[in-house]
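Written out below as structure tokens is the structure these notes cover.
The values are calculated or read from the model by the stated rules, or taken from the named source; none is laboratory data. For clarity, every value in this text was computed on a predicted model and none was experimentally measured. Don't worry about glycine lacking a Cβ; one is built from the backbone with ideal geometry, like all the others, and counts go over all protein chains shown.
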Amino acid sequence: MSILRQENINRLKASSNETYDVLVIGGGATGLGVAVDAAARGFKTVLLEQADFAKSTSSRSTKLVHGGVRYLQQGDVKLVREALHERGRLRRNAPHLVKTETFVIANYKAWQQPFYTVGMFVYDILAGSLNIGHSHPMSKASVIKSIPKIKQEGLKGGVSYVDGQFDDARLAINLMQTATEKGAILANYTRVTELLKTDGKIAGVKAQDVFDGSEFEIKAKAVVNAAGIFVDQVMSMDKPEHQAMVRPSQGVHLIVDGHFMGGQDSIMVPKTSDGRVLFCVPWHNKVILGTTDTPLTEFTLEPRPLEEEIDFILKTAGEYLEEAPTRKDVLAAYAGLRPLAAPAKEGETKEISRSHKLWMEESGLVVITGGKWTTYRQMAEETVDLAIKKGLLPEKACVTRRMAIHGSAPMGDQSDWLYVYGADGTKISAMPEHAEKLSEKYEFTVAEVLWAVREEMAQKVEDVLARRVRVLFLDARESKEMAQKVARIMSTELGKDAAWEAKEVAEYLELADGYILK
């Protein structure tokens, strides 16, 4: 089915006398998960997102579906077990996007192999019947075979383990499509400006179309604040005296060419100079290097890497790779802000729990914050369950544990980018525009732009290049070369004029510059 934003906006404006069961504020991993869960249970569901789906944190991850080795080091066994179980479910429900990935912990000291072998054995056990692979010790020769470009001087051996890898923004788009297929109405670029109340209880929201400024009201029995890094802003609409409950922590990633690793397996550095782990992960023929954990004071939709974060990642990666990447090798640099649920006492953000927090305010506003991509489905299940438990909704059982996500199909040939579309890939390749590329350097095509507009609710050039075909995150400079062509295609498809086209290109070029290291 075609998913057109304006049709959804019109439906919402025309239904001012209706009362929906669930209204979700926020179109990131958590919000989209809640919309899928609620709609799949049969609840009349609406989701509103102020920008594009996964615009913020949810498109800027390390692209891992994992239990979290670092959390195991910290002794948070419950979080690790929970995430490992969800890892298995996500791989089963979205096999076109989630694949198993071998990670190698290179050992340069004699004590490291037995130590990490035991640790990863525990990691495997915690996954239970949903385990997706097994860890084992490796010889020096095996490590080099697995990662040809790893630094060999002083290398004694290693330990390998299996985790999951995925494409975060593509999964977000598939969740939007899944929710739509289950009957939900979703709209991006639609900002919630006010919470409506009846006798002090939340009864709906006032929303604004970001593009034309029009306002409308939507009534709902349960309103869920899943606004991610903006969760406190929504809570302030409920209680103006609200004190911030979320702490921003910035995570930066650098993208370099795949030759720096020389293979398809990943490196996991278990302890860096700042106490974090560092990953070197192949992704769409490139390598992701990251991440950092930098406490910040403000949330923004477009955070920028700090110089010290860039230097730290390049320096640490260079300690494990034969050819140390430099600034000029970085094809894209992106930053994401984690909405960490702050503890009662101040502390470094790497010590703040990654567990999610869920509660209901006196007004009836349901709030979900924290967590991570891997556990999005469980967070959604718990959120809808809480709304039921508190009497906002009638009893209906969760059905998402074994529910296929839109596009679900066995993973295709990963040398062909269209594999990320799963079952939709054949539809795109059958479009007559499929042969025409957006640039000679990459395989992204005109057909994918049309598909993004018609089927994936893309509204802006950024939506296509950043979150539908991912080229902003793979090669920011080359993405700038595609902007004019994408704008022209979208302009025709959306019925826009030359002024819109020029404005979109200018905005995109400015945005992309922020992903390029000078």
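Mind telling me which of the residues T316, T349 ends up being modelled with pLDDT under 95, under 30 Å from F260 (Cβ atoms) and out of contact with any Gly (no Cβ under 6 Å at 6 or more places or on another chain)?
Values: T316 fails: modelled with pLDDT under 95.
Among T316, T349, only T349 is modelled with pLDDT under 95, under 30 Å from F260 (Cβ atoms) and out of contact with any Gly (no Cβ under 6 Å at 6 or more places or on another chain).
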Lone unmet requirement of (1) touching a residue at least 24 places away in the same chain (Cβ under 8 Å); (2) surrounded by fewer than 24 Cβ atoms within 10 Å (Cβ to Cβ); (3) farther than 18 Å from I132 by Cβ for S58 = (2)
Residue identified as under 26 Å from T369 (Cβ atoms) and in the same structural domain as T30 (by TED's automatic domain parsing) among D463, D385 | D385
Per the filter on the range 405-441, residues exposed (fewer than 15 other Cβ atoms within 10 Å of the Cβ) and within 30 Å of Q378 (Cβ to Cβ) are P410, Q414, A423
Given (1) more than 17 Å from the chain's Cα centre (by Cα); (2) surrounded by fewer than 21 Cβ atoms within 10 Å (Cβ to Cβ), index of the condition P95 fails | (1)
K286 is checked against (1) at pLDDT 95 or above; (2) touching a Lys or Arg at 6+ places or on another chain (Cβ under 8 Å); (3) over 24 Å from A39 (Cβ atoms) and fails just one. What number does that condition carry?
-> (2)
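Which is in contact with a Ser or Thr (Cβ under 7 Å, 6 or more places away or on another chain) and modelled with pLDDT of 95 or more, of H406, H356?
Working: H356 fails: modelled with pLDDT of 95 or more.
After applying the criteria, what remains is H406.
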In the range 443-486, residue nearest to D424 (Cα to Cα) [restricted to those that are touching a His at 6+ places or on another chain (Cβ under 8 Å) and touching a residue at least 60 places away in the same chain (Cβ under 8 Å)] = R470
Going by the structure shown, is K503 at pLDDT below 95, basic (K, R) and not assigned by TED's automatic domain parsing to the domain that holds T180?
-> no
Is there a residue being touching a residue at least 24 places away in the same chain (Cβ under 8 Å) and in contact with a helix residue (DSSP H, G or I) (Cβ under 6 Å, 6 or more places away or on another chain) anywhere in the range 5-12?
-> no
Is the range 499-508 home to any residue that is under 24 Å from S58 (Cα atoms) and crowded, with 24+ Cβ neighbours inside 10 Å?
-> yes
Top-ranked residue of the range 420-439 - restricted to ones that are at pLDDT below 95 and not hydrophobic (A, V, I, L, M, F, W, C), ranked as farthest from the chain's Cα centre (by Cα) = P432
Kindly check whether there is at least one residue in the range 103-112 that is surrounded by 24 or more Cβ atoms within 10 Å (Cβ to Cβ), within 20 Å of A35 (Cα to Cα) and touching a strand residue (DSSP E or B) at 6+ places or on another chain (Cβ under 9 Å).
-> no
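Which of the following residues is under 30 Å from L509 (Cα atoms), outside the structural domain of L196 (by TED's automatic domain parsing) and at pLDDT 95 or above: L306, L296? Step through it out loud before you land on a result.
Working: L296 fails: at pLDDT 95 or above.
L306 is the lone residue from the list that is under 30 Å from L509 (Cα atoms), outside the structural domain of L196 (by TED's automatic domain parsing) and at pLDDT 95 or above.
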What are the residues in the range 233-249 that are without any contact (Cβ under 8 Å) to a residue 40 or more places away in the chain and buried (at least 21 other Cβ atoms within 10 Å of the Cβ), if any?
-> none
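Listed here are the residues, each with its yes/no results for (1) outside any helix (DSSP H, G or I); (2) in contact with a Leu (Cβ under 6 Å, 6 or more places away or on another chain); (3) within 23 Å of T190 (Cβ to Cβ).
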{"residue": "D413", "(1), (2), (3)": "yes, no, no"}
{"residue": "L418", "(1), (2), (3)": "no, no, no"}
{"residue": "K441", "(1), (2), (3)": "yes, no, no"}
{"residue": "V449", "(1), (2), (3)": "no, no, yes"}
{"residue": "L465", "(1), (2), (3)": "no, yes, yes"}
{"residue": "E481", "(1), (2), (3)": "no, no, no"}
{"residue": "L511", "(1), (2), (3)": "no, no, yes"}
{"residue": "L517", "(1), (2), (3)": "yes, no, no"}
